[in-house]
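Down below is the structure, laid out as structure tokens.
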Amino acid sequence: MTTSARGPAARTSTDGRRDPVSNLCMHPLTRRHRSRLCAPGIAAAWLAACVPVADDPVASATDDPASASSTSAASATTTSSTAGDETSTGSDASTSDGSTTADAPSCGDGEVDEGEACDLGEDNDDNGACTYDCALAVCGDQLVHDGVEACDLPVNDGSYGGCLPDCSALAPHCGDAVLQEAHESCEHASHGNLCDPLCELRDCAGLSLRDPTEASCPPEAQVNAAISGATPVGEFSGTFAAQSWGYYGSYWIILVAETYQPQGLCEPQSYLLIAGDAAIPEAPGEVDAHVLVSIAGEVALATGTLAVLADDYKKIDASPECAGSTSLTISVEGDGWSLGGAAQTTCCRSSDNRWVS
């Protein structure tokens, strides 16, 4: 090998490029320590620990000693980790010292971990056997277990409007078809549309009516009914009828008052409420009806038959020129009742276009 004043001559590989060892020994940064770095085998060992980069691996490694040191450490860590644990999985996370850690256990991973009573993974459900908090569904957790519980309230003691102690069924409540006199005045099953959603009897004041006026109900239309007869609380006679509709046709109730009164159709006068069991019956035909009479503050209930003679009872373009026609008849018999008559309920309307009769 030929030498020069500058040290060993640069060796060239068979492809015409410099040999990496010669590059290292000839580099300006290594001149002061050439005797130690370029001893046989030392430079080659050093280069073997480096990660080759693009066209000039030696220059890249030596131009930035900090980068070279970091790259070498990362390579050594990777090699050590791979060799030391060939069975590690992709779910393990590498730490800075080369060790691995598994994902932390959590509710919803499908494994019952410490502090969990259950874990069904994606099947966890607050209405299922295992809740989203990995707790077993139990009566009293205020979560209704579908197919197992009928209810689950903060207090399940079987009291009215609540839930049985074992959550198997609702306690007595409005709508169960059993009249709970301490809490209810009616049940829809026995009182029909005279019973409101809170199991309270409807009355005249609670109907969605507007008081008629002279403009909406002229004098010739102010006598549009003739319904009279005996009731358990006294004789009744009514000459003016108006009708009330619930939202979306949920109920249909006819009010029959003693007389037309522009300032109020309810008390102090007597009145009759006729609630058809069919909210919007078709004519001609008959429907069952529940009837309430109020005379001097006393109330009596009965069932009867409501005959619908013409569909004009539900027209929104009714005219006050309807006097003398008949669209409805009512008949109530038995248990102190003997009541009947006819009415034309489409003769008048309120000033804001809400029908009152």
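Hey, fewest Cβ within 10 Å first, where do 220, 214 land in order? Show your work: numbers first, answer last.
Values: 220 13, 214 9.
Going from least to most buried by this count: 214, 220.
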### Query
To the nearest 0.05, how large is the calculated FRET efficiency for residue 310 and residue 183 if R₀ is 51 Å and r is the Cβ-Cβ distance?
0.80
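Can you order the peptides 286-295, 145-154 by their average number of other Cβ atoms within 10 Å per residue, highest first?
Values: 286-295: 20.6, 145-154: 15.1.
Descending mean neighbour count gives 286-295, 145-154.
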#### Entry: Simple spin-label estimate for residue 120 and residue 104 in nanometres, 7 Å along Cα-Cβ
2.7 nm
### Message
Contact order normalised by length for the stretch 91-234, with contacts defined as Cα pairs under 8 Å and 6 or more residues apart; what percent is it?
### Response
8 percent
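Coordinate-derived values only; no laboratory data. Computed from a prediction, not measured in an experiment: that's the story for all the values here. Note that each Cβ is placed from the backbone with ideal geometry, even for glycine, and that neighbours are counted across all protein chains shown.
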